[in-house]
Amino acid sequence: MRDPSDRPPGGLKARLKGMQERWSDQLLTVLMILMLLLFFVAVPLQATGSEPAQIAGGVVLIGIMGTALVMSGSPLVFALLLVGLAMNATAVVLRLHTPSRTDILLAAGGWLILAVVLGSVVARLVFGPGRVNFHRVIGAVLLYLLVAAAFVAIYAFAGLLLPDAFSGLEVRDSPALASSLIYFSFVTLTSTGYGDIAPIHPVSRALCNLETIIGQLYPATLLARLVTLELEHRREGRPERTGGKDASRGEHPGPRARKD
């Protein structure tokens, strides 16, 4: 029987730290795939009333939580994501019995927690020190999607609390609500503006303006930051030469041999 004292120190936290150091960049791509499945497959199918799509959405959310736990290496992050998932699950259960505004508030609050926590985890990895690689670029795009996800929850709150917040969008408990809010958020973030849904209330207009500004400034800021990180990485890995002295070895090449 194995002696408990032979186990590696640190327990779960140490194992999460090791997995984070090894797989954090690759998991950015995995998380991106899961978010795309949730936004553009599971949620649209839920709007059609498909029950398997609701189950699939729950499975994807669980996968997102597990991925975020490994990426962050923090049980606190997992606990916050668990709270967000529990709020969404409670909203689904309540919707099956008696649909009400409470379901929307719970779902919006849970989704806002998920988006903010995931955004903080992804931003720390994308803009942290180290070389810019393919997975970090994918993570930067993922962060852009999470901005839209956060505004989905904010628009849900606005539609519930503000009278006539939007035209063409009724915020009431229905399977199609999440799909409509995601559609409107992405249309606003990318400044597409089809015109089928529009903000009416001054507060909802201000929120849309804010998301549009973020959507325009983020790509330029992102590009500048990624280029800066790559230049810093190359500068750190390049030996410096000053005054004919090789800084990497601390030696002077010395005078050339004189030919007679």
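The values are calculated or read from the model by the stated rules, or taken from the named source; none is laboratory data. This is a predicted model, so every value here is computed, not measured. As a convention, Cβ positions derive from the backbone with ideal geometry for all residues, glycine included, and neighbour counts pool all protein chains shown. Each accessible area value is taken on the protein alone, full model and side chains, heavy atoms only, with ligands, DNA and RNA left out. Shrake-Rupley method; radii C 1.70, N 1.55, O 1.52, S 1.80 Å.
I'm trying to understand the selection: among the residues of region 63-113, which are assigned to a loop (DSSP other than H, G, I, E, B) and within 30 Å of L162 (Cβ to Cβ)?
From region 63-113, those assigned to a loop (DSSP other than H, G, I, E, B) are 73-74, 98-100; that's our starting set.
T98, P99, S100 - these are the residues of region 63-113 that are assigned to a loop (DSSP other than H, G, I, E, B) and within 30 Å of L162 (Cβ to Cβ).
Consider region 191-205. How many of its residues are open to solvent by less than 80 Å² (accessible area, probe 1.4 Å) and part of a loop (DSSP other than H, G, I, E, B)? Break it down stepwise before answering.
The first filter runs over region 191-205 and keeps only residues open to solvent by less than 80 Å² (accessible area, probe 1.4 Å), leaving 191-193, 195, 197-201, 203-204.
So of that shortlist, the ones also part of a loop (DSSP other than H, G, I, E, B) come out as 191-193, 195, 197, 200-201.
So the answer is 7.
I'm checking my understanding of the structure. Among residues of region 1-28 that are at pLDDT 85 or above and buried (at least 16 other Cβ atoms within 10 Å of the Cβ), which one is farthest from the chain's Cα centre (by Cα)?
Kept after step one, since they are at pLDDT 85 or above, are these residues of region 1-28: 26-28.
Okay, now just the ones that are also buried (at least 16 other Cβ atoms within 10 Å of the Cβ), so 27-28.
On the way: L27: 12, L28: 9 Å.
Going through the qualifying residues, I end up with L27.
Pairs under 8 Å by beta carbon, first residue over 16 Å from F186 (Cβ atoms) in region 204-220, partner in a helix (DSSP H, G or I) and among the hydrophobic types (A, V, I, L, M, F, W, C), six or more apart or different chains?
Going by the 8 Å Cβ cut-off, the qualifying pairs are S204/A158.
Can you tell me which residue among A47, A91 is open to solvent by less than 50 Å² (accessible area, probe 1.4 Å) and in contact with a Pro (Cβ under 6 Å, 6 or more places away or on another chain)? Please lay out each step first, then the result.
Details: A91 fails: in contact with a Pro (Cβ under 6 Å, 6 or more places away or on another chain).
So the residue among A47, A91 that is open to solvent by less than 50 Å² (accessible area, probe 1.4 Å) and in contact with a Pro (Cβ under 6 Å, 6 or more places away or on another chain) is A47.
For region 124-161, which positions are open to solvent by less than 40 Å² (accessible area, probe 1.4 Å), outside any helix (DSSP H, G or I) and in contact (Cβ under 8 Å) with a residue 40 or more places away in the chain? Write out each step before concluding.
Step one: of region 124-161, the residues open to solvent by less than 40 Å² (accessible area, probe 1.4 Å) are 125-126, 128, 130, 132, 136, 138-140, 142-143, 145-153, 155-156, 158-160.
Okay, now just the ones that are also outside any helix (DSSP H, G or I), so 128, 130, 132.
Answer for region 124-161, where residues must be open to solvent by less than 40 Å² (accessible area, probe 1.4 Å), outside any helix (DSSP H, G or I) and in contact (Cβ under 8 Å) with a residue 40 or more places away in the chain: G130, V132.
Consider F166 against the criteria (1) open to solvent by 40 Å² or more (accessible area, probe 1.4 Å); (2) more than 22 Å from L45 (Cβ to Cβ); (3) of a type outside the set (K, R); (4) over 20 Å from the mean Cα position of the chain (by Cα): it satisfies all of them except one. Which criterion is unmet?
Condition (1) is where F166 drops out.
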